[in-house]
Structures are given as structure tokens and as C-alpha cells.
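First the structure, in the form of C-alpha cells, and then the observations on it.
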Amino acid sequence: MAIDRLLRWLDASSCNFMAVDTIRRELDNAGFTALDPCADWQLEPGGRYYMVRNDSAVMAWICGTAPLAETGARIIAAHSDSPCFKIKPNAEIIGDGGVVCLNVEKYGGGIMYTWFDRPLSISGRVMTAGSDPLNPRTHLVDLRRPVAVIPHLAIHFNRGVNEGNPLSVQKDMKPVVGYYTPDKLRELMLRGGVVRCMVAEHLGIQPEEVLDYELCLYPCEPAAVCGASGEYFQSARIDDLSMAFGALEAMLATADTPCAATRIMAIFDNEETGSGTRQGAASPVLRDIMERITAVETPDDRQSVYKAIARSFLISADDAHAWHPNYNEKYDPTNHPVIGGGPVVKINANCKYMTDARSAAVFRSLCAKAGVNCQVFVNHGDVAGGSTLGNILTSQLDVAGVDVGNAIWAMHSARETAGVSDQADAVRVFKTFYGDC
């Protein structure tokens, strides 16, 4: 795997909508057919298909040469979203000298300090009128230039800043977009505000056409390789776009390999806020797709979807916490993965992850077959762990599976760090999972 391709992909995927659009375009180029959920589906053995939900989640699959009910599915799940700041409606807060700040809301659990003093841009989607009120038109937008900054207060006004300083999203994290003369500001506000005018100009439409938007701020610094030997890469949104990229790479690389089993890539949205949306892992979207596939393939078998689910296996791919050399005390003494050590199996006694001994054995065997090392992450005994896609999906699918990921530093920072070799190893395992069937 060429790391440059991943870096370009991360830069292009500046938010959940742009990530899914990037995936969609790659699927189109690889001969996948987009399916309309409102239409009848015609599926062929070996056929390549995908479906987009809410512009922010995408499910892609290659039908097996045998019916899904006979073989089950090989599923890799990841998510498109990452912690960020989302721009509220009526966002402009006007201060002295015509300075305009934006009223924002924190999305997910990001490390807020890492967002200070960075060049920020805006991406997301804008809605305008469509053919009728129930079908507005969607415009994806990415300004791709620095338009905002969240300036930190000088240390002279807060001498204790390095001893700990609680932050308020409403007070401390307002991005500044610029200053305007009274006449210019009056003109912009009459046309819908600074934000609407910026995105409308970028899209080549009138600000008055914008009915609504979902826009977020993102750091403009490009993804890059670092380390004395180029062993690390840094970017925003590594969690979890690196795993989404890995799943896509594996599916495209093995697409021409005949497989009896159906291969599915499920990229959900809203994992960072609990997955409780129609495009999240707690929704029935993946089960609905499996039901429709079995309904087409085996229309006379009313139990086909249950057989398909029972025979399936899921790899829930979401990055893990790497051992940090400055904070050894935060980690389990015998189960802490390191960057460069290979993919990580995530285990939790209180079932925060879906991993059990059987599913861990499956993944270890895949790693052995792919010729890569495998690590284990278990939380320090005094630290409560988070959850991820695996267990959430089991509320909809009675499917066996394992929670895995790559070890990274600074998870949920505005700029995370991961291992180049780990990314290549994860893709090898995913290819083995999809291709050896």
C-alpha cells in the first residue's frame, strides 16, 4: 500500500459527507452500481453494488457466487465521522471592530485544546430547493482554504494556563472568520450571513437559495509522513477514516477474485455520538440490505436472512489506543499495543467490545495467514473503556465478530498519529478476509 494514496484520501475526506463522496467515486470507477432503496433490486452473482444513506454512510457489497443464505457475509464495518465543531444556524456573532465569530457546537468527544491557533476550513452539505418540498437538492461543499481560526488567549492574561484550564465550547472555542466594515457586514447579514455567503459563492449559487446546511470546521494542514525513518503518519480524522480506507482498499483489490461468500463494506456515520441515527450502526440499514439480498436470491425461503446472518462474520474496525511513552501508568501492564506492532484485537471483560475468544481466534488466524503480527488492547484495570461499532451492531444483527483497529496516538485530537506499517498490515488482513473465500 502506498502511503501517499492514503494521505491524499484523508485530505479529500474533510468531513463525513466528503469521505462518503470520495468512497462513492472510487466505487463508481471500480464498476459498482448504485442502487436506489426505493426501486426493485436486480442482483447478479458476482455483481458489485452500493447504497448511500444520508450522504454520510455507504454500504457496498459484492454478491457471492453462492446465495448469501448458504455462505453468510464477510463484513468489515468502520465509520465516516470524527470529532469536530459544527456550525450552528444563525452562526454569526458580531464583536468590536466588525469582528465576526461563529457560534459552534462540539460534535463528539474531541480534545479541544488541539484546535487552537490552527488554520481551519469549512466542509459539509448545503440544501437548496428541489423538485418538490420533500426532495431538496444536496450540494457538497469544501472551501479548501483557511477561513477561520480559534485564537488562544495569551498566557499574559492566564498565567495558569499550563496548570490546567477548563474550556467552555460556547465561550472559548468560537472561531473567528474575519472583520468587516459596517456596510459590508450589513450587506452580508441581509443576504443570510457570512457563512451562507461564503458557501454560496463557492458553489456558484445565491445565498438566498440556501435552505439549510450541515457544516463543520476542519484543520487545513495536509496529512504527512513523519518520524526519523518515515514510520509515522499524521492527519486529522485518522480515527476512523484509516480503517474505512483499509476496508475500501481490500474490497477493490479483491473485487476480481471470485468468492462464494458475499463481501460487505459498511461505513456508518455518527459513531462518535452513539450511532443512534438512521445512518448509524444502531439502525437497521445493514440488516435491511441483507434481507433484500436474500429476498432476491432465495425468494421462496422465508428463513434465508436468518441463515445468512448466522453464517456471517463481522470485523468491526475502529482504531485503538497505542502505548504512549510519556504515560506508561495509563496502560495495562501486559496488554498495551505499540505503533508498528500490527493490528490490534480489542478486548473488554464488561463486553464494551464484541470480541470473544472464538472471534479473537478467527482474527489471529487471518493475521497469521496474511503474514502480519497481531496485538491485544485491554484497558488498565482502573480505567473504564469506551465502546465501538461491534456491540452496537449486534442490537440489529445476531452476528459473530471481533473489534479490531490500529494503534494510534492522540485519539480525537485535531491531528492524530499512526504507523505506516500498521496501515499496510491492516489492509493485508482485510484482503485475506475478503479474498480467501
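The values are calculated or read from the model by the stated rules, or taken from the named source; none is laboratory data. Here the structure is a predicted model, which means the values were calculated and not measured. A quick note on method: Cβ atoms are made from the backbone with ideal geometry, for glycine too, and the neighbour counts reach across all protein chains shown. Remember, those area values only see protein heavy atoms, side chains included, never the ligands or the DNA or RNA. Shrake-Rupley method; radii C 1.70, N 1.55, O 1.52, S 1.80 Å.
For residue 339, the criteria (1) assigned to a loop (DSSP other than H, G, I, E, B); (2) in contact with a Lys or Arg (Cβ under 7 Å, 6 or more places away or on another chain) hold in every case but one, which is (2).
Would you check if there is a residue in the stretch 50-63 being of a type in the set (Ser, Thr, Tyr) and over 20 Å from residue 315 (Cβ atoms)? Yes, some residue in the stretch 50-63 is of a type in the set (Ser, Thr, Tyr) and over 20 Å from residue 315 (Cβ atoms).
Test residue 289 against the criterion of being under 22 Å from residue 34 (Cβ atoms) and in contact (Cβ under 8 Å) with a residue 60 or more places away in the chain, and give yes or no. Spelling it out, residue 289 is indeed under 22 Å from residue 34 (Cβ atoms) and in contact (Cβ under 8 Å) with a residue 60 or more places away in the chain. Summed over the stretch 332-352, residues that are at pLDDT 95 or above, closer than 21 Å to residue 75 by Cβ and not β-branched (Val, Ile, Thr) total 2.
One residue stands out among those in the stretch 69-88 that are over 24 Å from the mean Cα position of the chain (by Cα) and either more than 22 Å from residue 429 (Cα to Cα) or without any contact (Cβ under 8 Å) to a residue 60 or more places away in the chain (or both): the one that is least open to solvent (accessible area, probe 1.4 Å), which is 69.
Pick from 103, 54: which is over 17 Å from residue 239 (Cα atoms), among the polar types (S, T, N, Q) and in contact with a strand residue (DSSP E or B) (Cβ under 6 Å, 6 or more places away or on another chain)?
One residue alone meets the criteria, 103.
Would you confirm, using the coordinates I've provided, whether residue 289 is under 25 Å from residue 50 (Cα atoms), part of a strand (DSSP E or B), open to solvent by less than 30 Å² (accessible area, probe 1.4 Å) and β-branched (Val, Ile, Thr)? So residue 289 does not fit the description; no.
Among the helices (runs of 4 or more DSSP H) confined to the stretch 353-437, the ones with at least 3 residues that are open to solvent by 10 Å² or more (accessible area, probe 1.4 Å), out of contact with any Phe, Trp or Tyr (no Cβ under 7 Å at 6 or more places or on another chain) and at pLDDT 95 or above are located at 357-370, 420-435. Among the residues here, residue 82 qualifies as among the hydroxyl-bearing types (Ser, Thr, Tyr), modelled with pLDDT of 95 or more and in contact with a Gly (Cβ under 9 Å, 6 or more places away or on another chain).
Of the residues 250, 266, 244, 260, the single one that is part of a strand (DSSP E or B), open to solvent by less than 60 Å² (accessible area, probe 1.4 Å), under 24 Å from residue 32 (Cβ atoms) and at pLDDT 95 or above is 266.
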